[in-house]
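The values are calculated or read from the model by the stated rules, or taken from the named source; none is laboratory data. Computed from a prediction, not measured in an experiment: that's the story for all the values here. Positions of Cβ are backbone-derived with ideal geometry, glycine not excepted, and every protein chain shown enters the neighbour counts.
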């Protein structure tokens, strides 16, 4: 399987109030095409900064990022980013929210409506097309935000703790939906979270980052077959959890 993303000795330094804050230092990793790749690390270690750099929203201080072998130079429609909050526009109904980015892109009205309906159905929101954000639950808003990203049909999904704001049961349901969509679309997913259980359940491989400035401390292959319906209750799952926890605990201490 070929590499979709290659990161080579990536460093990022922020300059603020006369100080230098080194967030990433010579971080290197590779993400395979079609892979569900998880990233976990201590709070404030630079996980979101890493996603922002891959999205092209920030520029590296040193090092480089390559997508399909080409060095990344800025944002592009080949990458879609999903944040912690869905950030829907309150004055637009669901369909119009999903269409918003396509309007900016200049896609004609009929085509963007077809895509909006297609992806609302894919994320399980069929029948809510005319609903407004205040009428939706937190989980539904995150599904809508995912549908909005998918309308651009990006090759890569960058996900920054997208389920952190919902309750535990909704979170598990959204995880199942995301895996279903991933298996249908064959996207490459880079998923950041604080939840060890979540990252083990979802990922093919998991990168554990050090404390700031972040480097890759270890990469674990999650050798569990899919679907993983009973995986959470297994000794194998517990072993992965303990292994990642020990890696993180040493960084926190």
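For this structure, a couple of remarks:
- In the stretch 114-157, the residues that are within 17 Å of residue 185 (Cα to Cα) and part of a loop (DSSP other than H, G, I, E, B): 123, 124, 151, 152, 153, 154, 155
- Entirely in the stretch 170-253, the strands (runs of 3 or more DSSP E) that have 3 or more residues that are surrounded by fewer than 20 Cβ atoms within 10 Å (Cβ to Cβ): 216-221
- Count of the stretch 227-246 residues which are over 14 Å from residue 200 (Cα atoms) and in contact with a strand residue (DSSP E or B) (Cβ under 7 Å, 6 or more places away or on another chain): 0
- Within the stretch 1-11, the only residue that satisfies the criterion of being at pLDDT below 95 and surrounded by 15 or more Cβ atoms within 10 Å (Cβ to Cβ) is 3.
- Whichever residue in the stretch 158-169 is assigned to a loop (DSSP other than H, G, I, E, B) and surrounded by 23 or more Cβ atoms within 10 Å (Cβ to Cβ) and, among such residues, is nearest to the chain's Cα centre (by Cα): 162
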